[in-house]
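The values are calculated or read from the model by the stated rules, or taken from the named source; none is laboratory data. Just so it is clear, the model here is predicted, and its values are computed rather than measured. FYI the Cβ positions are ideal-geometry reconstructions off the backbone, even for glycines, and counts take in every protein chain you see. Heavy atoms of the whole protein, side chains included, go into the accessibility calculation; ligands, DNA and RNA do not. Shrake-Rupley method; radii C 1.70, N 1.55, O 1.52, S 1.80 Å.
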Amino acid sequence: MDELVRNCAAAGVVISLTAYGIGSALRKRFNTPLMNPLMIAVILVISFLLATGVEYDSYNDGAKYLSYLLMPATVSLAVPLYQKLDLLRKNMVAVFAGIISGVISSLLCVLMMSLLFGLSHEAYVTLLPKSITTAIGIGVAEELGGHITITAAVIIITGVLGNVSAEAVCRLAKIRHPISRGLAIGTASHAIGTAKALEMGETEGAMSSLAIVVSGILTVIGASILSVLI
């Protein structure tokens, strides 16, 4: 077992990529949003660590290097937005009004649910940045006095749920315009949701990419203001 622990420290990347590969294969095999590759990968990695008794820190010694790819991957989302600049200019007011509405709705929902369930200030500010990308959300939670590990988990769960349910929600709410669909997905479920938006279409992906950036900035401001209410 000790040998396994040492090997896992060096093979964290392999374990993570293998788990994600299995998730991708299952998604292609069953062709359903419920087979989300990231969600499956998380479940498989957790199951592996629990079954083998490997400590998370040992696993993360190797897997942490995957995090270095997060920044260039996020920056690359600017490419589809650049390709749709003319469309953005023509709908500038509607686009930013949509993003602002989404951010306000997200923050107020957390506020109301926190009041309803009697959450403490620490729990409240931990949940406030749930709909923005992890890099920004963790910084917001830390600055406001929240629990950053829970914030990271909540952000991932929010993104996965958005990715899984995006198409169904758009159909249910009869949201058909590509710009509206992209903005809704990006504002609600950040980069993980944007992956689904890119699958839905170029315009959806471009607008979702823009929503990640703008909603992140607005959430930093809004969370700082609303954090004093609880």
Obtain the nm distance between the two label points defined at PHE117 and LYS28 by a simple spin-label model: each point lies 7 Å from its Cα along the Cα-to-C-beta direction. 3.8 nm
Output for the stretch 168-230: trypsin sites (Lys or Arg not before Pro) sitting in coil per DSSP, at most 12 other Cβ within 10 Å, listed by number, reads LYS174, ARG176
Spin-label point model (7 Å from Cα, Cβ direction): what's the LYS174 to VAL75 distance in nm? 4.4 nm
ILE175: accessible area at probe 1.4 Å, nearest 10 Å²? 50 Å²
Give the shape of the stretch 124-230 as rounded, prolate or oblate, defined through the alpha-carbon gyration tensor: a ≥ b ≥ c are the square roots of its eigenvalues, a/c under 1.5 means rounded, and otherwise the shape is prolate if a/b is larger than b/c and oblate if not. prolate
When the accessible area of the chain is computed with all protein chains present and a 1.4 Å probe, what percentage of it is carbon and sulfur? 69 percent
Whole-Å distance linking the alpha carbon centroid of the stretch 137-209 with that of the stretch 98-112 is 13 Å
Distances longer than 23 Å among the Cα atoms of the stretch 33-138: what percent of all pairs is that? 57 percent
Can you check what the net charge comes to around ASN31, using other residues whose Cβ is under 15 Å from the Cβ of ASN31 (Lys, Arg +1; Asp, Glu -1)? +2
Probe 1.4 Å, accessible area per residue of the chain, Å²: 55 Å²
Read-out Rg/Rh (Cα atoms, Kirkwood Rh), candidates (i) 0.94; (ii) 1.00; (iii) 0.97; calculated match is (ii)
FRET efficiency (SER101, GLU199; Cβ distance; R0 41 Å; to 0.05) is 0.95
Nearest 500 deg cm²/dmol is fine: what mean residue ellipticity at 222 nm does the chain get from its DSSP H runs of n ≥ 4 alone, each adding -39,500 (n - 2.57), divided by its residue count? -26500 deg cm²/dmol
May I ask for the angle, rounded to the nearest 10°, between helix 134-144 and the longest principal axis of the chain, with both axes built from Cα atoms and the value confined to 0 to 90°? 80 degrees
List HIS190, HIS121, HIS147, ordered by accessible area with a 1.4 Å probe, largest first: HIS147, HIS121, HIS190
Put a dot 7 Å past each Cα toward the Cβ at ASP61 and ILE221; how far apart are the dots in nm? 4.5 nm
Given a cut-off of under 8 Å on Cα pairs at least six residues apart, what relative contact order in percent is computed for the stretch 143-230? 26 percent
Relative contact order, percent, of the stretch 38-180 when contacts are C-alpha pairs under 8 Å separated by at least 6 residues? 16 percent
Cα-based helix-to-principal-axis angle, 37-52 vs the chain, degrees rounded to 10: 30 degrees
